[in-house]
Ligand SMILES: Nc1ncnc2c1ncn2[C@@H]1O[C@H](COP(=O)(O)OP(=O)(O)OP(=O)(O)O)[C@@H](O)[C@H]1O
Ligand SMILES: [Mg+2]
């Protein structure tokens, strides 16, 4: 390792309380050929915080999550998760996180329990602890009534709870959720958020969540960054952002900062994801 590599693998700067932030992103850039999906964003998330990444379709939210979960190499900039460098210490990062992607991630041809067992194996939960961890995840996400059902027969809300349970098996310090409530009805949405809140309180899990739904972010995120065309246009606590821009909602903050309504910027891909969630019954 040369001096520059050693520097880039160094621990991230500590917060005022001496602890490193759970997530630290500095001047992150991701290009796909000519397309600049992420254009130099910076933010940090404190341990135990629920942080929202908000923005319209194509803003760069999923791309940012893919870098933070080590699935994609950034073009430039640095990022640390749980104190580890995503470029240099990807194995340590992976051992510290749970990730629930935007698309459905469980196997429709397996039962809920079989999915949990499978994820326990692939996330490296030691055999002797697997059963205990699965029991805990079942309890936390209240999955008892659905354990023997094939995943393809579960409703969208049940599927999301199962997916969150699979991501908890390695007891992650940081949990990434990409659009956890897309396609869910209000009751299922509420349930997902209640479970995430409980997880944060009980296990101190840091949660990074992306959403287009401004009211959800306003209600459940302690802090958030609004991202548009690869750039952070505002970040802070929801109330502070609204006060600063003289808006009475986060939608208003977005409009005030970009001059556009958030829905005007959509490319129609959201409807694809919604449709996918609705036909979850055809999974597998
Ligand atoms: N593998 C890829 N190759 C080329 N372009 C890509 C790739 N992945 C993403 N992009 C482009 O990068 C930009 C950001 O995409 P990204 O998926 O991160 O947006 P997003 O904020 O998650 O959007 P959505 O709300 O629709 O999920 C878009 O213009 C997208 O088309
Ligand atoms: Mg996305």
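Just so you know, all these numbers are worked out from the coordinates, no wet-lab data involved. None of these values were measured; they are calculated from a predicted model. Cβ coordinates were reconstructed from backbone atoms using ideal geometry, including for glycine residues, and neighbour counts include every protein chain displayed.
The mean sequence separation of alpha-carbon pairs under 8 Å and at least six residues apart, normalised by the residue count of the chain, gives a relative contact order of 24 percent. Extension gain, residue 92-residue 219: 0.36 nm per intervening residue step, less the Cα-Cα distance, totals 42.5 nm. Using a ≥ b ≥ c from the Cα gyration tensor of the stretch 120-198 (square roots of the eigenvalues), is it rounded, prolate or oblate, where a/c under 1.5 gives rounded and otherwise the larger of a/b and b/c decides, a/b for prolate? Prolate.
Pairs of alpha carbons in the stretch 213-262 separated by more than 12 Å make up 57% of all such pairs. Counting neighbouring beta carbons within 10 Å and listing from fewest to most, the residues 32, 80 come out as 32, 80. Stokes-Einstein diffusion coefficient for the chain at 20 °C in a medium of 1.002 mPa s, Rh from the Kirkwood formula over Cα pairs: what value in µm²/s? This corresponds to a translational diffusion coefficient of 110 µm²/s. Each peptide in 239-252, 107-120 receives the mean, over its residues, of other Cβ atoms within 10 Å, and ordering these scores from highest gives 107-120, 239-252. Springs between Cα atoms under 10 Å define the GNM used for the chain, and in it the highest mean-square fluctuation of 30, 38, 257 occurs at 257. Over the chain, DSSP H runs of length four or greater, each weighted -39,500 (n - 2.57), average out per residue to a 222 nm ellipticity of -11500 deg cm²/dmol. Of interest is the spacing of the C-alpha centroids, which for the stretch 74-141 and the stretch 182-256 amounts to 23 Å.
As a rough footprinting exposure proxy, the listed residues 19, 61 were ranked by other beta carbons within 10 Å of their own, and the order from fewest upward is 19, 61. Residues 195, 231, 261, ranked from the fewest to the most other C-beta atoms within 10 Å, line up as 261, 231, 195. As a rough guide to protection, the peptides 220-226, 42-48, 157-163 ranked by mean Cβ packing within 10 Å, highest first, stand as 157-163, 220-226, 42-48. If both residues of a DSSP beta bridge must be in the chain, then about 55% of such bridges are antiparallel.
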